[in-house]
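A short write-up of the structure that comes next.
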Amino acid sequence: MLNVLYFASFREILGKGNEQLPAQFNTVGCLLNALADRGESWQQALLENQNLQIAVNHDVANRQTEIKAGDEIAFFPPVTGG
Amino acid sequence: MLNVLYFASFREILGKGNEQLPAQFNTVGCLLNALADRGESWQQALLENQNLQIAVNHDVANRQTEIKAGDEIAFFPPVTGG
Amino acid sequence: MTAFPHIQIQEEDFDLTTEAARLREGHKDIGAVVTFVGTVRDINEGDEVSILELEHYPGMTEKALEKIRLEAHDRWHLESSRIIHRVGKMYPCDQIVMVAVASRHRENAFYAAHFIMDYLKTNAPFWKKETLPDGSERWVDARISDKEAEQRWAS
Amino acid sequence: MTAFPHIQIQEEDFDLTTEAARLREGHKDIGAVVTFVGTVRDINEGDEVSILELEHYPGMTEKALEKIRLEAHDRWHLESSRIIHRVGKMYPCDQIVMVAVASRHRENAFYAAHFIMDYLKTNAPFWKKETLPDGSERWVDARISDKEAEQRWAS
């Protein structure tokens, strides 16, 4: 399984903070394409948004990053702490 | 009268922290020359010391600074606070 | 107990004197302590702000902050450093974040604290949401100036 | 009561939390607070130091510090600033000096605090005398590096 997390505006727009998905995607990009098929808000947030930030297992990642069972993949907007 | 002050190592070397002198000097340089006549430690501290710092009425000054009755003239080494 | 004792993510406020003492504890050869505290401004983007809510990504936050902290130690030979970031609801004038560094000399302490803040702003997974006086909410946008501030430290 | 309420020359120690609160008092539009605290190191020039004694020039000190403080306000549009410098006898790890500045954004606060310290080091009439463990005393020499640090701020 993959543990998928959504933060901040992404969590609100997509209506969930986390979910478990089968580990059938080789890269973050494949996972994003599958998620985008869920509907317009998913497509806009995950494919059309230039500001999408990605982390895999707590490290900054990108669409090419490879993923495997047990990984934690997070999607979020640019950070604004401090 | 002039109020003349000596601080830190100058106070120790010259053996006094302050004194009143008659206001008969036009510039700091004239005052320094008169003080240097008091002996070797005065000459070394006030004329031969490249590090001599001067203030007149709480502002940084130099040998050319003019002085008049009621002024406060201070001599001290480079500052080391903070 | 966190795995990163020099980093605290917490809802509670913090006390500067206490934190500066913790920073210096066990370190004698310190001549300079610089602290930065970020506070909630009552105005943002021209609007009055009533509440600021901070969300973060537990796990990644600590890892990102520790990486920034160790990089600062590497560059400026710090004796000690601490980062505290609050999460949850805060109000105007509240303290949000503290970065504290201790070093032998002041120059390194100033640069290191500034560096940590600039990197924290663009690399640590925190997000701010504002509530305005009319009750409406909005997510705070990332600032281009923060990205530029970070990039000045590129070596 | 001093004529310069934002400057304190005192024998007593100071409390960072209290001073940061005073700094922010009455100022709402503050997003950044930077404090610098200089402390007594137990080693100087390779020798162990037992006591550090600070002498100053009353009257000129306050005037010099106020000039530095106002110059910092001028350059970085600070909301508020405070300087505390202790005099008399101090011991390793004791606090000697505090510079605290508050501004809207962090960059100005960092630069202003750094500037004030660099100028204080070379322009405020304080002198340090060290007592070593064998009881011998020596005046601390001014550092060329402090003069160089000041000169980098020349505009």
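The values are calculated or read from the model by the stated rules, or taken from the named source; none is laboratory data. All values derive from a computational prediction rather than experimental measurement. All Cβ positions, glycine included, derive from the backbone under ideal geometry; neighbour counts span all protein chains shown.
Table for the structure above
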quantity	calculated
Count of segment D:131-148 residues which are in contact with a Ser or Thr (Cβ under 8 Å, 6 or more places away or on another chain) and outside any loop (DSSP other than H, G, I, E, B)	5
Helices (runs of 4 or more DSSP H) wholly inside segment B:3-82 containing at least 1 residues that are modelled with pLDDT of 95 or more, surrounded by fewer than 20 Cβ atoms within 10 Å (Cβ to Cβ) and aromatic (Phe, Trp, Tyr)	B:40-43
Selection count, segment B:32-82, where residues are farther than 21 Å from D:Tyr57 by Cβ and within 14 Å of chain D (Cβ to nearest Cβ)	0
Residue count for segment D:119-144, restricted to those that are over 17 Å from the mean Cα position of the chain (by Cα) and more than 8 Å from chain B (Cβ to nearest Cβ)	10
For D:Ala64: the one exception among (1) in contact with a strand residue (DSSP E or B) (Cβ under 7 Å, 6 or more places away or on another chain); (2) in contact (Cβ under 8 Å) with a residue 60 or more places away in the chain; (3) of a type in the set (A, V, I, L, M)	(1)
The one condition in (1) over 20 Å from C:Ile9 (Cα atoms); (2) in contact (Cβ under 8 Å) with a residue 12 or more places away in the chain that C:Ala154 fails to fulfil	(2)
Single unsatisfied condition, C:Thr39 versus (1) over 21 Å from A:Pro77 (Cα atoms); (2) in contact with a strand residue (DSSP E or B) (Cβ under 8 Å, 6 or more places away or on another chain); (3) in contact (Cβ under 8 Å) with a residue 60 or more places away in the chain	(3)
Residues located in segment C:107-118, provided they are surrounded by fewer than 22 Cβ atoms within 10 Å (Cβ to Cβ) and at the interface with another protein chain (Cβ under 10 Å from one of its Cβ atoms)	C:Glu107, C:Tyr111
The one condition in (1) within 14 Å of chain B (Cβ to nearest Cβ); (2) of a type outside the set (Ser, Thr, Tyr); (3) surrounded by 19 or more Cβ atoms within 10 Å (Cβ to Cβ) that D:Glu150 fails to fulfil	(3)
Residue match in segment C:102-115 (condition: more than 27 Å from C:Glu12 (Cβ to Cβ), in contact with a Phe, Trp or Tyr (Cβ under 8 Å, 6 or more places away or on another chain) and among the basic types (Lys, Arg))	yes
